[in-house]
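Student: Let me give you the structure first, and then I'll get to my questions.
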Amino acid sequence: MRTAVVVGAGMAGLAAAGALARDGWRVTLLERGERVAAPPTALVLWPNGRRALDALDPDGGWSAIAAPLPDGGVRRPDGQFLVAPHTRPGAGPAPAVVHLEDLYDALVAGLGENVEIRTGVEITKVRTHRVTRPAVGDGRVFYDADLIVAADGIDSPIRHALAPEAVVVGSGFAAWQAVVPAFRAPALAPDQAAGGETLGAGYRFVSMPLGGRAAGRGGVYWVATAAGAPRPEPPATQLALLCRWFAAWHPPVGELLAATRPEDLVPQEVRELRPLPRSYSFRCGTGGVVLLGDAAHAMPHHLGQGACLAFEDAATLRSLVATAEPGAELGAAVEQYDRARRPRTASVVRQTRRMSAVVQARGRLALRARNAALGSLRPRILGHAHGSAADWQPPE
Ligand SMILES: Cc1cc2nc3c(=O)[nH]c(=O)nc-3n(C[C@H](O)[C@H](O)[C@H](O)COP(=O)(O)OP(=O)(O)OC[C@H]3O[C@@H](n4cnc5c(N)ncnc54)[C@H](O)[C@@H]3O)c2cc1C
């Protein structure tokens with residue numbers, strides 16, 4: 001039986017492990033945490049991410065956990081629309097919002113019996129010799145397999161060893177996410193209930209309603225972004241700062257912040273890889289090592305594409321190795337993975353960097369240029385179904 005070791009039980013690792021197992025691989029999933037756990041937030045599944053999930057597991061029941069994402073438009077802090085909401089075209093899957101607890105549950109349910117999960121294992125080493133099988137180790141044990149999938153996030157020690165040129169750098173932003181549960185969410189006027197995006201000078205606030213079937217029976221998910229370093233203060237102080245920074249913004253920004261508790265808050269420094277690894281594939285032994293998800297292409301969250309791209313990675317890998325036997329065939333499939341994924345992810349990274357400049361715009365001239373640029377960025381900002389980032393189709 002073909003064997004794979006997947007390192008990291010985040011969204012990329014869970015998706016890849018389940019897909020390989022369904023194709024008959026025996027998979028060992030290694031996670032440094034004591035359990036597989038979702039952060040208490042949500043995310044947007046753009047059409048490309050939804051197609052990738054369907055390709056990974058057509059029976060995954062994704063539609064049951066995802067609520068359609070209303071188009072709330074893009075506003076200025078005073079509430080004036082920079083881009084008015086519009087009806088999304090009907091073709092293809094619509095963007096959707098999903099609570100991460102629901103998404104993780106669905107991914108874990110899809111692992112099946114061919115995946116052995118080992119938690120509390122922190123990988124620190126990778127071994128790639130020309131003729132022997134690749135292996136990863138935690139300082140005590142080495143785990144070898146025909147295929148090693150590094151899905152261990154932005155700080156991946158595997159990538160660090162194999163592609164040291166890709167360096168983790170701060171993007172110049174801090175982000176805060178929270179889900180305000182339904183029972184505490186403020187009652188919103190109909191024109192506010194759709195949520196949407198607001199761009200200020202160096203600040204951004206995005207909110208969206210979770211479906212009534214989501215974990216905790218829905219509520220509202222929001223993400224605030226501010227140019228600058230992450231804050232060192234405890235969550236209660238950070239929340240007070242957010243309330244102050246966004247105080248004069250149009251409703252429901254203030255109402256949502258007021259309904260948030262410090263324990264809801266997930267603060268984060270926004271980081272990225274610069275440059276991207278020179279390769280996502282490292283052929284060796286009977287197969288090789290591939291980089292997936294943030295381990296390969298961590299980027300700022302402005303386009304909300306990180307997890308969607310991770311699902312694309314997993315769907316592409318799955319299709320390339322579906323029937324490949326260990327040896328020359330699997331080695332060739334490993335190399336093909338890099339050719340299939342690097343140009344695609346590099347192009348989304350370029351679009352994200354453009355968006356970083358938009359969010360960072362401060363000062364009158366920069367803001368005027370930013371507002372003018374919104375016209376051309378509109379498809380990406382609003383997740384228009386025809387936006388190039390969302391246009392990806394799974395391999396046959
Ligand atoms: C504010 C914000 C909003 C976002 N919004 C969206 C969105 O709307 N849509 C979207 O598609 N994306 C979004 N993203 C991006 C998305 O969250 C990430 O791209 C995604 O979580 C990456 O998943 P991953 O599995 O690659 O990495 P991770 O989630 O980092 O998972 C890595 C896993 O590997 C484990 N691990 C790490 N090191 C080791 C080790 N040495 N040994 C063993 N295990 C290890 C970790 O514990 C973890 O479980 C957003 C990101 C942010 C910050």
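Rule-based calculations on the coordinates, nothing more; no lab input. Note that the structure is predicted; figures quoted are calculated from it, not measured. Glycine also receives a Cβ, built like all others from the backbone with ideal geometry; neighbour counts cover every protein chain displayed.
Student: Over 36 Å apart: what share of the alpha carbon pairs of the chain falls there, rounded to a whole percent?
Tutor: In whole percent, the long-distance tail amounts to 23.
Student: Using a Gaussian network for the chain with springs between C-alpha atoms less than 10 Å apart, which of these wobbles most: PRO157, PRO39, PRO232?
Tutor: Ranking PRO157, PRO39, PRO232 by mean-square fluctuation puts PRO232 first.
Student: Could you give the angle, 0 to 90 degrees to the nearest 10, between helix 100-109's Cα long axis and the longest principal axis of the Cα atoms of the chain?
Tutor: So the helix axis and the longest Cα principal axis differ by about 20 degrees.
Student: Long-range amide H contacts for GLU116: which residues qualify at under 5 Å (H placed 1.01 Å from N, peptide plane, sequence gap of 5 or more or a different chain)?
Tutor: Distant-sequence amide H within range of GLU116: VAL27, THR28, LEU29.
Student: I'd like the distance separating the alpha-carbon centroids of region 155-219 and region 298-369, in whole Å.
Tutor: 19
Student: Can I ask one more? How big is the C-alpha Rg of region 217-366 next to the rule-of-thumb value 2.2 N^0.38 Å, as a ratio?
Tutor: My calculation over the Cα atoms of region 217-366 gives 1.38.
Student: Another one. Taking the Cβ of GLY120 as the center, what net charge do the other residues with Cβ under 15 Å away carry, scoring Lys and Arg +1 and Asp and Glu -1?
Tutor: Numbers: positive: ARG32, ARG35, ARG118, ARG140; negative: GLU31, GLU34, GLU116, GLU122, ASP138, ASP152.
Residues near GLY120 contribute -2 overall.
Student: Further question: 5 Å is the cut-off here: which amide hydrogens, built 1.01 Å from N in the peptide plane, fall below it relative to ALA42, excluding neighbours closer than 5 in sequence?
Tutor: Those qualifying (amide H under 5 Å, at least 5 residues apart or on another chain) are LEU100.
Student: Looking at the square roots a ≥ b ≥ c of the eigenvalues of the Cα gyration tensor of region 151-222, which shape do they give, rounded for a/c under 1.5, prolate if a/b is larger than b/c, or oblate?
Tutor: Oblate, since a/c reaches 1.5 and b/c is not below a/b.
Student: Provide the net charge surrounding GLY196, with neighbours chosen by a C-beta distance below 9 Å and charges set as Lys +1, Arg +1, Asp -1, Glu -1.
Tutor: -1
Student: Give me the angle, in degrees from 0 to 90, between the Cα long axis of helix 328-360 and the longest principal axis of the Cα atoms of the chain, rounded to the nearest 10.
Tutor: Roughly 20 degrees, rounded to the nearest 10.
Student: What does the charge dipole of the chain about its Cα centre add up to, to the nearest 20 debye, if the Cβ of each Lys and Arg holds +1 and the Cβ of each Asp and Glu holds -1?
Tutor: Working: 42 positive and 37 negative charges, 280 e Å.
Once rounded to the nearest 20, the dipole reads 1340 debye.
Student: Could you tell me the distance between the Cα centroids of region 258-297 and region 63-124, to the nearest Å?
Tutor: 17
Student: Near the amide H of LEU69, under 5 Å away, which other amide H atoms are found, from residues 5 or more places off or on another chain, if H is placed in the peptide plane?
Tutor: Those qualifying (amide H under 5 Å, at least 5 residues apart or on another chain) are ALA96, VAL97.
Student: Right, something else. Output the 0 to 90 degree angle, nearest 10, between the alpha-carbon long axis of helix 306-321 and the longest principal axis computed from the alpha carbons of the chain.
Tutor: Tilt relative to the chain: about 20 degrees.
Student: Related question: For region 12-118, max minus min Cα coordinate along each principal axis, in Å, sorted largest first?
Tutor: 54, 32, 17
Student: Quickly rank 94-102, 311-319, 195-203, 265-273 as a protection proxy: mean count of other C-beta atoms within 10 Å, highest first.
Tutor: Order by mean packing, descending: 311-319, 94-102, 195-203, 265-273.
Student: Could you tell me which of GLY112, GLY212, THR225 has its Cα farthest along the dipole of region 100-239 towards the positive end, charges placed at Cβ (Lys, Arg +1; Asp, Glu -1), taken about the Cα centre?
Tutor: The Cα lying farthest towards the positive end belongs to THR225.
Student: Assigning unit charges at the beta carbon (Lys, Arg +1; Asp, Glu -1) and nothing else, what dipole magnitude in debye, to the nearest 20, does region 189-326 show about its Cα centre?
Tutor: Rounded to the nearest 20 debye, it is 160 debye.
Student: Further, regarding this structure: Return the distance in nm (one decimal) between the two label points of a simple spin-label model at ARG362 and ARG130, each offset 7 Å from Cα along Cα→Cβ.
Tutor: With each label point 7 Å from Cα toward Cβ, the separation is 5.4 nm.
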